[in-house]
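So the structure is just underneath, and the comments pick up after that.
The values are calculated or read from the model by the stated rules, or taken from the named source; none is laboratory data. In this text the structure is predicted, and so the values were computed from the model without any measurement. Don't worry about glycine lacking a Cβ; one is built from the backbone with ideal geometry, like all the others, and counts go over all protein chains shown.
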Amino acid sequence: MFDTRDAHIILSETLRFAGVQKQTDYIAVFQNSKGRELALERDRTEAFYVWLEKYNTVIPGVAIKNQEKPGEPYGRKQPRNSNLNDKNCPNLKVGNRVWYLEIESPQALRELAKWYAAL
C-alpha cells in the first residue's frame, strides 16, 4: 500500500509545494524552479500517480499510463482528472499535452522528482 503523505514528503525534497490553495482532496500540486507543474493524485494507494508537463526520460519503476493511447502522453483534447483546471494547475488542464505516470516505489518517485526539478 502506498501512502501519498510519503509521496508529498519525497516531492517536497526537490520541488516546491504550490500551497494548500492549489491542493484538493484529490491532488497536490508542486512546481520546479521554472514553474513546470506536477500534480500528485492523493487518493490512490496501489501506486503513486502523478501528472506532469514533460517526461522524456526512462526511470525504472515509472510507467506512462493512458487508456486511450498506451505509452503516450495525454493529447491536448483528451479528458483527464477534473481537478487539473485553471484554479489548481493550468499547465496540466485540458488544452495541454501532459503525461500521466504510475510510480511503483518511493525510490522511483525520488528519481523522477530529481529529474523534474532539473528541467
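Structural remarks
- The single condition among (1) touching a strand residue (DSSP E or B) at 6+ places or on another chain (Cβ under 9 Å); (2) aliphatic (A, V, I, L, M); (3) in a loop (DSSP other than H, G, I, E, B) that Ala63 does not satisfy is (3).
- Tally of residues being in contact with a Lys or Arg (Cβ under 8 Å, 6 or more places away or on another chain) and either in a loop (DSSP other than H, G, I, E, B) or among the aromatic types (Phe, Trp, Tyr) (or both) across the range 40-60: 4
- Positions within the range 24-39 being without any contact (Cβ under 8 Å) to a residue 60 or more places away in the chain and either in a loop (DSSP other than H, G, I, E, B) or more than 11 Å from the chain's Cα centre (by Cα) (or both), in sequence order: Asp25, Tyr26, Gly35
- All of (1) assigned to a loop (DSSP other than H, G, I, E, B); (2) closer than 29 Å to Gln21 by Cβ; (3) not basic (Lys, Arg) hold for Trp99 with one exception: (1).
- Considered as a group, the residues in the range 1-42 that are more than 18 Å from Trp99 (Cβ to Cβ), touching a helix residue (DSSP H, G or I) at 6+ places or on another chain (Cβ under 9 Å) and acidic (Asp, Glu) include one that is surrounded by the fewest Cβ atoms within 10 Å (Cβ to Cβ), and that residue is Glu13.
- Residue list for the range 11-45, restricted to those being farther than 23 Å from Ser105 by Cβ and of a type in the set (A, V, I, L, M, F, W, C): Ala18, Val20
- Residue match in the range 73-89 (condition: part of a strand (DSSP E or B) and at pLDDT 95 or above): yes
- Any pair with Cβ under 9 angstrom, 6 or more apart, that starts in the range 84-105 at a residue that is surrounded by fewer than 15 Cβ atoms within 10 Å (Cβ to Cβ) and ends at one that is of a type in the set (Gly, Ala, Ser): Arg97/Gly75; Ser105/Ala47; Ser105/Gly61
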